[in-house]
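Peer 1: Have a look at this one before I ask anything.
Values in this text are rule-based calculations from the coordinates and carry no lab data. Just so you know, these numbers come straight off a predicted model, no measurement behind them. Cβ: placed from backbone, ideal geometry, glycine included. Neighbour counts: every protein chain shown.
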Amino acid sequence: MTEIEAKQTEQGLNIRDQILRPRTIISFLISLVILIFIFARQNIPVKEVIDNARNANLLFLVLGFAFYYATFYVRTIRWQQVLNNSGYSSTNDAQLPGTLGLLRIILLSWFANSVLPAKLGDGYRGYLLKRNAKVSFSKTMGTIFAERVADVGVLFTLLLVSGIIAFRTKLPPHFVLLVTLGGTLALASFGILASVKYVSVYVHKILPGRVRPFYSRLEEGILLAFSRRLDRILLLTALIWILESARFWAVTVALGASLTISQVIFLALAASLLTTIPFTPAGFGVVEGAVITVLQWVYVEKSLAGSIALIDRGITYWSVLLVGGLLYLVSGNK
């Protein structure tokens, strides 16, 4: 690891320092304003939302938690494969943490994404692996970017197919906008992947000399990530989104909403898509508003839509703050 990498990873990735920065505080305030605006604009009865939540089926809510936290284990297994493809394994000097160690790092990175804007949790994940395994930060970030490419590609495919099946010829308002957003993210991700592979020689020529080693390792991590067992990586990625959809299904059943499987998949993936936009921490405010709106496309009553959105985000956002926060406090990987 070069001196420039060491400085980059040691600086700017301390969660306690980042939380107190004005941009983080502002992003949370924006999130709260968005959430309040959505409830006020759509005239959602807060009392009924709370009553619905109180009457939710606890068994299915627990099942929703189980489905959601199972995704972290699947993400860990996938990351192990990607890291092995990139040359990090127990057979070399990387000294990667075991499955539980990598799972802890992923949970901490999700916690960081939940309290910080701009997806800084991804950088925090690379930083933690660098500290624990003494590996290249930039190469690790390459593997994380490769994961994001797989995520967005599979997510967009499932979102498009489920949306067409769910709505058929009666496409709701803003459906095209949502699908266009997913398609744009997918095309941008694959475009960057293609540029890394095919125009690398030109990029190296224009980069400053001191940056080239950093970029080379980033490039290496991206390109090697899919060098082996691509079928396994894509299967694990599909399983992640299936589990995310299963979580959302469990929440809707717990609250007594009647949705088709295609509608559940579309809604769950639409929410996941919006968390990829680095505007607020983990899409806080934006996702809740979008889920409430889209639920009403499928004729879910306002108060029930509000209850589903808030309870689902209780699992995917607030529980991560709690679990990840506790893990951060007791972890030596700060």
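Peer 1: Which residue, GLY209, LEU326, PHE226, has the largest displacement toward the positive end of the dipole of the chain when charges sit on each Cβ (Lys, Arg +1; Asp, Glu -1)?
Peer 2: Going by the charge dipole, the pick is GLY209.
Peer 1: Positive end of the charge dipole of the chain (Lys, Arg +1 and Asp, Glu -1 on Cβ, about the Cα centre): tell me which of ALA70, SER27, ILE38 has its Cα farthest that way.
Peer 2: SER27
Peer 1: Starting from the alpha-carbon convex hull of segment 18-111, give the projected area averaged over all orientations, in nm². Intermediate values should be presented prior to the final figure.
Peer 2: Values: hull surface 39.6 nm².
Taking a quarter of the hull surface, the average projection is 9.9 nm².
Peer 1: From the P(r) of the chain, could you give the percentage of C-alpha pairs in the tail past 39 Å? Mind showing how you got there, number by number?
Peer 2: Numbers: 8006 of 55611 pairs.
When all Cα pairs of the chain are counted, 14 percent exceed 39 Å.
Peer 1: While we're looking at this one, here's another question. Helix 175-198 versus the longest principal axis of the chain: what angle, 0 to 90°, nearest 10, using Cα atoms?
Peer 2: Around 10 degrees separate the two axes.
Peer 1: Quick one: plug the Kirkwood hydrodynamic radius of segment 102-153 (C-alpha pairs) into Stokes-Einstein at 37 °C, 0.692 mPa s, and report D in µm²/s. The partial results should precede the final answer.
Peer 2: Working: Rh = 11.1 Å.
It comes out at roughly 296 µm²/s.
Peer 1: What does the charge count around SER319 come to, taking other residues whose C-beta lies under 15 Å from its C-beta (Lys +1, Arg +1, Asp -1, Glu -1)?
Peer 2: Numbers: positive: ARG247, ARG313; negative: GLU244, GLU288, ASP312.
That sum, taken over residues with Cβ under 15 Å, equals -1.
Peer 1: Same structure, new question: Net charge around LYS119, counting only other residues with Cβ within less than 11 Å of its Cβ (Lys, Arg = +1; Asp, Glu = -1)? Working shown, then result.
Peer 2: Values: positive: ARG125, ARG148; negative: ASP122.
Charge balance in the 11 Å sphere: +1.
Peer 1: Something else about it: Which of these, ALA282, ALA305, ALA40, has the largest mean-square fluctuation under a Gaussian network model of the chain (Cα springs below 10 Å)?
Peer 2: Of the options given, ALA40 has the highest mean-square fluctuation.
Peer 1: Treat every Asp and Glu Cβ in segment 3-330 as -1 and every Lys and Arg Cβ as +1, leave all other atoms uncharged, and give the resulting dipole magnitude about the Cα centre to the nearest 20 debye.
Peer 2: For this selection, approximately 500 debye.
Peer 1: Also, quick follow-up: Can you give me the C-alpha center-to-center distance between segment 187-236 and segment 285-334, rounded to a whole angstrom?
Peer 2: Answer, in whole Å: 33.
Peer 1: Given the chain, what count of lysine pairs have C-alpha atoms under 28 Å apart, with each pair 8 or more places apart or on different chains?
Peer 2: Step by step, the pairs that qualify in the chain add up to 24.
Peer 1: Between the helical axis of 319-330 and the dominant principal axis of the chain, each derived from Cα atoms, what acute angle in degrees is found, rounded to the nearest 10?
Peer 2: 40
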